[in-house]
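Here is the structure we will look at.
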Amino acid sequence: MTTTVIRQATWMDTEEFDPLVEFHGRWNMELAERYLPIPGIPASKYECWDGRLYMAPAEAAQNSYGAQKLGRLFAPGAEAAGFYVYGPVNLSMGQPDRWLQPDLTILRSPETGTWVAAQECLMPVEFVSPSSEVRDKLDKPLLYASVGIPWYMTVELDSGTDRATVALHRRDKWDYVQTLKVLAGQRFEMTVPFKAAFDPGDLLVR
């Protein structure tokens, strides 16, 4: 995704001061609000775990398109069930030095602030890319499960080969169990945590 949701930094960049060096291993939400995004650094997503800042480049246009399309497909069912469909949000993971930014976020209640408590998240959705595969499939599920988020979804898209995969996972203790996996050309139908039905191929740019 290409949206950076941490508000504009209020400092002037100087050669003498580099926040990536000065705050290495010590990042928290207060520092993020003051110094992110970092001028001159082509990163669209800033995430943090135990004070370590992770920066990701802009997602491929395919994933950006797919996330917007999936959000529109989810909206009717999610809203009918009393949930809210957001793009990337700064999801606070219980400590000031821990936050993640899902590519698409289903929340239990309306939120307008810079930071959203993980307890308000019903389901984060991650669009997997080659550079994020390990984090999206292994690391992030454990982190999301550790704070009690009940559902997790991954989406993999490849317009070049017309491949699309959507996988839904339900939390089971400290990890997630896959409950549904559907490929392009098939019908993805879920009734929990809300109703949705579509062909994963609809998320591809054609």
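The values are calculated or read from the model by the stated rules, or taken from the named source; none is laboratory data. Worth saying up front: this structure is predicted, and the values here are computed from it rather than measured. Counting neighbours? That spans all protein chains shown, and the Cβs are built from the backbone with ideal geometry, glycine included.
Inside segment 119-155, can you point out the residues that are among the hydrophobic types (A, V, I, L, M, F, W, C) and either farther than 12 Å from residue 176 by Cβ or surrounded by fewer than 17 Cβ atoms within 10 Å (Cβ to Cβ) (or both)?
121, 122, 125, 127, 128, 134, 138, 142, 147, 155
Output the number of the condition that residue 146 fails; it satisfies all remaining conditions of (1) hydroxyl-bearing (Ser, Thr, Tyr); (2) over 22 Å from residue 87 (Cβ atoms); (3) in contact with a Leu (Cβ under 6 Å, 6 or more places away or on another chain).
Checking residue 146 against (1) hydroxyl-bearing (Ser, Thr, Tyr); (2) over 22 Å from residue 87 (Cβ atoms); (3) in contact with a Leu (Cβ under 6 Å, 6 or more places away or on another chain), the one that fails is (3).
Here's a check for you: in segment 188-206, which residue that is of a type outside the set (A, V, I, L, M, F, W, C) and under 21 Å from residue 65 (Cβ atoms) is surrounded by the fewest Cβ atoms within 10 Å (Cβ to Cβ)?
206
Go through (1) at pLDDT 90 or above; (2) farther than 23 Å from residue 118 by Cα and name the single condition residue 100 misses.
Answer for residue 100: the failing condition is (2).
Got a number for residues in segment 185-206 being at pLDDT below 95 and polar (S, T, N, Q)?
Going through segment 185-206 one residue at a time, the tally reaches 0.
Identify, by number, the condition in (1) within 24 Å of residue 205 (Cβ to Cβ); (2) touching a residue at least 24 places away in the same chain (Cβ under 8 Å); (3) in a loop (DSSP other than H, G, I, E, B); (4) not β-branched (Val, Ile, Thr) that residue 109 doesn't meet.
The one condition residue 109 does not meet is (1).
Which numbered condition in (1) at pLDDT below 95; (2) surrounded by 13 or more Cβ atoms within 10 Å (Cβ to Cβ); (3) closer than 21 Å to residue 138 by Cα is the only one that residue 174 fails?
(2)
Is there any pair linking a residue in segment 88-103 that is on the phi > 0 side of the Ramachandran plot to one that is small (Gly, Ala, Ser), with Cβ under 7 Å and at least six apart or on different chains, and which?
94/118
Residues of segment 30-40 being among the aliphatic types (A, V, I, L, M) and in a loop (DSSP other than H, G, I, E, B), which ones?
36, 38
Give me a count of the residues in segment 107-123 that are touching a Cys at 6+ places or on another chain (Cβ under 9 Å) and within 23 Å of residue 58 (Cβ to Cβ).
The number of residues fulfilling the criteria is 0.
One residue is enough: does segment 124-131 have a residue meeting the conditions over 25 Å from residue 57 (Cβ atoms) and part of a strand (DSSP E or B)? Write out each step before concluding.
Let us first name the residues in segment 124-131 that are over 25 Å from residue 57 (Cβ atoms), namely none.
No, there is no match, as no residue in segment 124-131 is over 25 Å from residue 57 (Cβ atoms) and part of a strand (DSSP E or B).
Looking at 47, 111, 30, 59, can you tell me which residue is among the acidic types (Asp, Glu) and exposed (fewer than 15 other Cβ atoms within 10 Å of the Cβ)?
Criteria check complete, one pass: 30.
Based on what the data block shows, is residue 27 over 22 Å from the mean Cα position of the chain (by Cα), among the aromatic types (Phe, Trp, Tyr) and either modelled with pLDDT under 90 or in a loop (DSSP other than H, G, I, E, B) (or both)?
On the way: over 22 Å from the mean Cα position of the chain (by Cα): no; among the aromatic types (Phe, Trp, Tyr): yes; either modelled with pLDDT under 90 or in a loop (DSSP other than H, G, I, E, B) (or both): yes.
No; evaluated as a whole, the condition is false for this residue.
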